[in-house]
């Protein structure tokens, strides 16, 4: 059974790991690229099925990046 202090240290380690992931160049680059892709699709307009598919792909990429950040467990 974990003590309260060890639970706090695990939570602190996970928070540090998330913060380091958030500051990493690959994560920032991919997240920025997906947000720019979504923005360009919204600005240029969505007029065809292919546009909707591109918007779905960019949104899935962004969600995957966010899920990676949330799933970071202090490794």
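Derivation of every value follows stated rules applied to the coordinates shown; laboratory data play no part. Just so it is clear, the structure is predicted and the values come from calculations on it, not from any experiment.
Strictly greater than 14 Å: what percent of every Cα pair in the stretch 24-69 meets that?
Cα-Cα pairs of the stretch 24-69 separated by over 14 Å account for 48 percent.
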If each residue of separation counts as 0.36 nm, what is the full-extension length gain between residue 46 and residue 66 once their alpha-carbon separation is subtracted?
4.8 nm
